[in-house]
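Have a look at the structure below before the remarks.
Read-outs throughout are calculated quantities, based only on the coordinates presented, and are distinct from any laboratory measurement. Please read these numbers as outputs of a predicted model, since none were measured by experiment. Neighbour counts are summed over all protein chains in view; Cβ atoms, including those assigned to glycine, are modelled from backbone coordinates with ideal geometry.
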Amino acid sequence: MLGGRAFGFAVSLVTVAGIALFFRHARDVNQTTVALAFLLAILAVSAVWGMAVSVFMSVTAVLAFNYFFLPPVGTFTIIDPQNWVALFAFLVTSIVGSQLSARIRKEADEAHQRRREIERLYKFSQKLLAEGNVIQLMNAIPNYIVESFEAGAAELFLPVKDKFYRSGFGAAHLDEEKMKSVFLRDEAVFDSQDGLYFLPVRMGLRPIGSLGISGSRLSRQTLDAVGSLVAIAIERARAVEKLGETEAERQGERLKSALLDSIAHDFRTPLTSIKAATTSLIAATNPDPGQVRELLTIIDEECDRLNRLVEEAAEMSRLEAGEFELDLAPVEISDIIEAALAQCNTALAGRNVEVKLSPNLPRVRADLNRIKDAVVHLIDNANIYSPKDAPIIISAELTGDAITTSVADRGPGIDDFEQGMIFDKFYRGKDQRYLVRGTGMGLPIAKAIITAHKGTISVTSQLGRGSVFSFTLPVDRSTADSR
């Protein structure tokens, strides 16, 4: 600062000497022109070096103007009284002008500083909003302060956990006892000379912690804003975490209720059949062999049904936990559909199934057994919800870098509201859940398998017209490029 001001004094002397020398050798130059030249130079210098340099230059310019340009030239004597007035007016004008220029410069610097602090506060707030986890936020706040405000160190104290969170090379030098004192007394302590700031973190009128910052020059308003932003971010993170816990509990209760409803409905029917068959066998004194075989067949079929329900629940759990591996290989989409239809052969007895595949379809990269299970669930869903005399149409076509396969039925359809929930676990249509057997796990399982293949699944439906379930599988590039 002093070096800069000394340089300003030197520049002002050189400028005055240069103007005086220039106009001394110029012809037909009046005193007004010279005075205006000095005045403009003074305003320029004051804008760069401030008030002290500009006043020094004003006095120097007045002396030079008097000595070189006011008669008698070459002396500091003034004969004409009007020249005294002109000289005094020039001095006042130069000093007032330089003072105004210095004030404008100071206000511009302050405005620039405020703008920088606002930009830093904005970046700081954006970083705080990006954190949703409370523990991560506590550890990140000091780092964000150091990064955003170019501070040497920052430290956050939270009395709830009686813990300090630190960042920066000088964090160990921040007085922890003073931070605790600031929180207890709810009063800020500023040491601008050493760049140390200790302030309470308030939520409303209630302090929830304290901040320590060192190595940065910050205004009181900025520090208050930092404290408020930190308090809001902490409370927001806690609220988001609490909301997440509440939502998880709500979802858990909903799934539990859906599972119990599914078990109560879908397990009751086979258990009732098994109970009735076994009761009949026990009660029969001389049972007819044909009747015994029929009852045992019923028991066997219903046990298979119960076993399938349990397997679906276990499969859903494995898929959600990611506890499975895909054996990916180039597969013809026609082979997938044929394998799925073969597995559904018994359930589709008497049903008209139309398969429409575009010619020359490239192979997809898939796990044949896994993706076959997904298609089986879609076919089974169409078979259950369609009238027996209505056909099921399976089609496949190339769409960009994927093959889109669709399973269309002519069932009752799904309204727009339910289409967004149809792939949720245990969800079944409100008009069908007590009319058609099922657990509500077939479509979620199919979605999980297709998603694991980096594909997508969707549904298009109209009430009374039927539904179309479509899924995509990525084309195997090695075989596609060779065709």
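Points to keep in mind about this one:
- Highest average packing first - 455-466, 34-45, Cβ atoms within 10 Å: 34-45, 455-466
- Options G195, F183, T222, ranked by Cα towards positive dipole end of the range 104-222, top entry (Cβ charges): T222
- When both the range 191-239 and the range 339-417 are represented by their alpha-carbon centers, they are found 61 Å apart.
- FRET efficiency for A108 and R250, using Cβ-Cβ distance with R0 set to 56 Å, rounded to 0.05: 0.50
- At R0 = 30 Å, FRET efficiency that the Cβ-Cβ distance of E301 and V353 yields, to 0.05: 0.85
- Cα gyration tensor, the range 376-424 - rounded (a/c under 1.5), prolate or oblate: oblate
- Above-threshold pairs, the threshold being 26 Å between Cα atoms, out of K242/K447; K106/K178; K161/K242; K356/K447: K242/K447; K106/K178
- Here the extension length gained between I232 and D415 equals 61.7 nm, from 0.36 nm per residue of separation less the Cα-Cα distance.
- Peptides 6-14, 233-241 ranked from most to least packed give 233-241, 6-14, packing being the mean of other C-beta atoms within 10 angstrom over each peptide's residues.
- Rounded if a/c under 1.5, otherwise prolate or oblate - the range 131-236, Cα gyration tensor axes: rounded
- Inter-site label distance for D191 and Q343 at 7 Å from Cα along Cβ, in nm: 7.3
- Label-to-label distance, nm, for residues given as F88 and K275 (7 Å Cα→Cβ offset): 11.9
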